[in-house]
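Colleague: My questions all concern the structure below.
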Amino acid sequence: MEEVSSYEKALDVLSSFITLRSPADKGSKCSRFEFVFDYIKILDLEEPISKMKIIHVAGTKGKGSTCTFVESILRNCGFRTGLFTSPHLIDVRERFRIDGVDICEEKFSEHFWWCYDILKENTNEDLPMPFLFCFFTLLALKIFTAEQVDVVILEVGIGGRLDSTNLVQAPIVCGICSLGYDHVEILGHTLRQIAGEKAGIFKHGVPAFTVSQPDEAMSVLQEKASQLGVHLEVAPPLDANLLNGLKLGLEGEHQYQNAGLAVALCYTWLHRTGHLEITNLEQTSSLPESFIKGLRTANLQGRAQIVPDQHIDIGSPGDLVFYLDGAHTSESMEICARWFSIAIKEDSQPQDNFRASHELVQMPPDERSRKNSIQILLFNCMSVRDPQLLLLRVIKTCASHGVHFKKALFVPNMTAFFKFGSHALPPTDSQVDLSWQFTLQREWESLMQGNKVGGDAKSPDGICEEVKDDSELSTKSCENSMVFSSLPLAIKWLRDSVKQNQSIRFQVLVTGSLHLMGDMLKFVKK
């Protein structure tokens, strides 16, 4: 029998941290924010954290991209970087990056067991083990301490005020990305409430930057900043001309806003840590080469990512291309749909950030011009989301660019993402509950019929039928959509469709859930 590695054992133990109680449940002892300071003392991390030169970033949309830009810029400036982000898409080690690379299994295991053993020995009923994200935060800070990084970039998980990352008392600079409605059951149902939670990362006298915000949100940020003596500035979107004709490593027009915020955060970090020799902070007509390289080479999986299917056995490559974006709010869904609509019309040349990985296989221009293209939506979202709002935003935004979906495919998440390690296996198709996917399908059919959901729309069930594939596994096919019991079945259907229609290119937008992005990447890149 094969021996289980220390790393696999660590992943199995991580599964035991997971609880159905929300971190925002004020009545849960495991979720009370003040406990985090007890954990820091137990792990003897107080002094190391006080010496860290931290950039702390919150927001509803764009914080992962902003943190990625910041890390890439400062790494290209010559600094040793530590980046903590969430969630991971494929491997938990993605959350802990040293110099732009996921921490290795050996080091992860070493630091994991050090933290786990000490906490397990020193916690009890009154001070229980930390919940999962809190443990990840503590582990990240332990890793960055051991690796002696020059700069730590911390992405807030949810909110800010009561987020585990807010244990940091003296960051060098703070950033607030674009604000919108997400996690409203935790953060509040108004922009004022949400902005107040995000502004909770502000610290007395520590400069902060944000992007252009709705008036309701901006007024709260300004109020909180004023109360704490925080100099709050609005960072303008990055001027594309400053890149000397090059493109950002992350696709989408909205990334210029995130890049502008990242540049402001990096300039301020350099200034406040005494590294004025790297750049002239007053110069606005150009960017240092290290900044340009950092912005150009930044990479983030599952966000505006183009992945052609390399596993299809047909004569001409490029006939099945997946456009992946983990958008899951109405605002980000609109941005995603706009990116997709533009990207499918600009695919004659590979984008700069895909050249290095050689992911985008091009077909000859004459052959490409003879191909007709159809657009497919592959979608899933969490049941706490409003599917009508998300799907309607996709339909309308794409339609405004002349893009109309031939079919929508709905699938459950492939992995049991509440588990880690070797036991995190997907359920069999017979065990999958597809009730939510059928709900998504009904919403889509109603929207495609032009009827308001919940009104007098004719039920789409009447035009749906059960379909059996070669494996005798059921799908539910309607006029404009299909439900599959697993992601592999949906991809098999796409590949079979391409083989049967070799005069057509299939352009598939995959969106609605970051967990779905992870599932897709596991499946199409293995």
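The values are calculated or read from the model by the stated rules, or taken from the named source; none is laboratory data. Here the structure is a predicted model, which means the values were calculated and not measured. Cβ placement follows ideal geometry from the backbone for every residue including glycine, while neighbour counts extend to all protein chains displayed. The accessibility values were calculated without ligands, DNA or RNA, using every heavy atom of the protein model including side chains. Shrake-Rupley method; radii C 1.70, N 1.55, O 1.52, S 1.80 Å.
Colleague: Loop-only GluC sites (Glu not before Pro) in the range 73-114, please: DSSP not H, G, I, E or B, and at most 13 other Cβ atoms within 10 Å.
Modeller: none
Colleague: First compute the accessible area of the range 85-132 with a 1.4 Å probe, then give the percent of it belonging to carbon and sulfur atoms.
Modeller: Answer for the range 85-132 is 46 percent, counting heavy atoms of protein chains only.
Colleague: Can you pull the percent of the range 149-264's accessible area that's carbon plus sulfur, 1.4 Å probe, other chains left in place?
Modeller: Of all accessible area on the range 149-264, carbon and sulfur atoms account for 50 percent.
Colleague: Separate question: Could you order the peptides 202-208, 496-502 from most to least packed, using the average number of other C-beta atoms within 10 Å per residue?
Modeller: Sorting 202-208, 496-502 by mean packing, highest first, produces 202-208, 496-502.
Colleague: Here's something else I'd like to know. Can you flag which of Lys63/Lys492; Lys120/Lys203; Lys61/Lys407; Lys63/Lys203; Lys41/Lys61 are past 25 Å Cα-Cα? It would help to have the intermediate numbers written out before the result.
Modeller: Numbers: Lys63/Lys492 34 Å; Lys120/Lys203 31 Å; Lys61/Lys407 28 Å; Lys63/Lys203 18 Å; Lys41/Lys61 33 Å.
Where the Cα-Cα span goes over 25 Å, the pairs concerned are Lys63/Lys492; Lys120/Lys203; Lys61/Lys407; Lys41/Lys61.
Colleague: Among 377-385, 234-242, what's the highest-first ranking by average C-beta atoms within 10 angstrom per residue?
Modeller: Taking the mean over residues of other Cβ atoms within 10 Å, the ranking is 377-385, 234-242.
Colleague: Next up: Within the set of other residues whose C-beta is less than 14 Å from the C-beta of Gln227, count the net charge using Lys and Arg as +1 and Asp and Glu as -1.
Modeller: Summing Lys/Arg as +1 and Asp/Glu as -1 gives +2.
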